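Everything below concerns the one structure shown next.
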């Protein structure tokens, strides 16, 4: 295991396990690099047809590790941008098994997946505006496509958690299973994929995800605004409030 990420090969599937349970799998630059490397390697392996994301412990992913994120400049070669490119351009079927907090990238990653199995404890939160930032990973395009513009506006602007049952109703997850059963159920789905003709499977997936260039263009637009917001007084206040465990004050 490298940098709190464990890569497991299982049949025709690749599993990427976030393994930082004490931080609810908050993602560091090193973790992004490890996940990206695994995905890039999988693209060159014809016998890999799926990539399954899972998180160890009580939460799937609580977003970026803030201190680590602030120490990494948002340059074109930043680890997070390489990961966003990987998830938006992969040809493999992407699956996620989620529980507990799914925050920030932990929520937007799911918009790129083809099948999401959730435990009842799962809570999706697109909390970018609360942190004086803007949506990322193409979510300002993909979320309206998934739930409609008005509901997407509510989720993206307010950033309030979406419980598993509501996420199922909105179509943000595929299934809700018993607590602790999400990885088993996701693996069962992968096993069913493994029984299908791989070329047809991946071709069908490509058709379902047509227009990936549009998603990548939206990511580029988001990154531009995101980078500007990183230098804003609002973001500085959001970070200070987070560190000081107080409510932020954005309006004097």
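Coordinate-derived values only; no laboratory data. Just so you know, these numbers come straight off a predicted model, no measurement behind them. Positions of Cβ are generated from backbone atoms using ideal geometry, with glycine treated the same way; all protein chains shown enter the neighbour counts.
Helix 182-194: angle to the longest alpha-carbon principal axis of the chain, degrees 0 to 90, nearest 10?
It works out to around 40 degrees.
How do the peptides 167-179, 135-147 rank, highest first, by the average count of neighbouring beta carbon atoms within 10 Å per residue?
135-147, 167-179
Please give the peptides 90-100, 7-17 ranked by average Cβ packing (other Cβ atoms within 10 Å per residue), highest first, as a rough proxy for protection.
In descending order of packing, they fall as 90-100, 7-17.
For residue 153 and residue 227, FRET efficiency with R0 = 22 Å and r from the beta-carbon atoms, rounded to 0.05?
After rounding, the FRET efficiency stands at 0.45.
Hey, what's the Kirkwood Rh for the stretch 33-110 if you take every pair of different alpha carbons, in angstrom?
For the stretch 33-110, the Kirkwood estimate is 13.5 Å.
Using the 2.2 N^0.38 Å rule of thumb for compact globular proteins, work out how the stretch 1-144 stacks up: its C-alpha Rg over that value, please.
Taking N as the residue count of the stretch 1-144, the ratio is 0.97.
What percent antiparallel are the DSSP beta bridges of the stretch 5-179, to the nearest 5?
25 percent
To the nearest 10 degrees, how steep is helix 29-43 against the longest Cα principal axis of the chain, on a 0 to 90 scale?
30 degrees
Where Rh is the Kirkwood radius over the Cα pairs of the stretch 138-252, the temperature 10 °C and the viscosity 1.306 mPa s, what D in µm²/s does Stokes-Einstein return?
89 µm²/s
Based on the Cα coordinates of the chain, what is the per residue volume of their convex hull in Å³? Could you put the intermediate results ahead of the total?
Numbers: hull volume 30.6 nm³, N = 252.
For the chain, the hull spanned by Cα atoms encloses 122 Å³ per residue.
Under the rule of -39500 (n - 2.57) per DSSP H run of 4 or more residues, summed and divided by the residues of the chain, what mean residue ellipticity at 222 nm is obtained, to the nearest 500 deg cm²/dmol?
-14000 deg cm²/dmol, from helical runs alone.
Any chance you could give the angle, 0 to 90 degrees and rounded to 10, that helix 233-244 forms with the longest Cα principal axis of the chain?
80 degrees
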